[in-house]
Amino acid sequence: MQRRRIAHTVVASIGALYELTYDLPGNSEGTALLQPLFTASVMHGSIKAYDETGVDALPLHVGKQDWTTATVGVGVRWMCTMGEETLNRSVIFEARGAVLQDMGDTQGKVRAALLKDPEFTREVESAEVGSTALQLGIGLRAPVNDRTQLLFNAGAELRSSMTSWNLAAGLRYDF
């Protein structure tokens, strides 16, 4: 069995997200809401250079990587209450969709070399995924008490060369 060792790998990432919405009544009872939305985010990531033993004990040096990507998007969110008669509380259902556009670094690039032969340094590029995405999702929020909610979410992001899915469950507490 091969032992693989990676030494001194440091990954750092920082980002910010802003979402702007406007509430439009969805029905006359006030139990539904339509929200056009605009979203903007920026993310910077960095991986410091590192060495690893590689396959068949061929040591490999991988250079530093940096990337910055900004994303803007427009979409819509539909929210409504449901389940009041059966659960004795208002559960909030949410469906959302948005079109996103990435700008900036769309492909990771790194210089890699065999430590035994540093003259053999080559640039390696990651797969380039599409910069336009369709984002879809649904969610439920059920109150547990005045300050606590139980959350369930499912989402997908569809782009050329990449599709991602996510499922989440959690507990939210409002201070």
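The values are calculated or read from the model by the stated rules, or taken from the named source; none is laboratory data. For clarity, every value in this text was computed on a predicted model and none was experimentally measured. Every residue, glycine as well, gets a Cβ built from its backbone with ideal geometry; the counts of neighbours run over all protein chains shown.
Report whether or not GLU123 is of a type in the set (Asp, Glu), over 19 Å from MET43 (Cβ atoms) and exposed (fewer than 13 other Cβ atoms within 10 Å of the Cβ). Considered against the rule, which asks whether it is of a type in the set (Asp, Glu), over 19 Å from MET43 (Cβ atoms) and exposed (fewer than 13 other Cβ atoms within 10 Å of the Cβ), GLU123 comes out as yes.
Take region 123-161 and flag every residue that is under 24 Å from VAL74 (Cβ atoms) and among the hydrophobic types (A, V, I, L, M, F, W, C). Residues satisfying the conditions are VAL129, ALA133, LEU134, LEU136, ILE138, ALA154, ALA156, LEU158. Does ALA142 meet the test of being surrounded by 15 or more Cβ atoms within 10 Å (Cβ to Cβ) and on the phi < 0 side of the Ramachandran plot? So ALA142 fits the description; yes. In this structure, does ALA133 turn out to be modelled with pLDDT under 80 and within 26 Å of THR163 (Cα to Cα)? In short, no. Residues in region 86-118 that are of a type in the set (D, E, K, R) and over 16 Å from the mean Cα position of the chain (by Cα): ARG89, GLU94, LYS109, ARG111, LYS116, ASP117.
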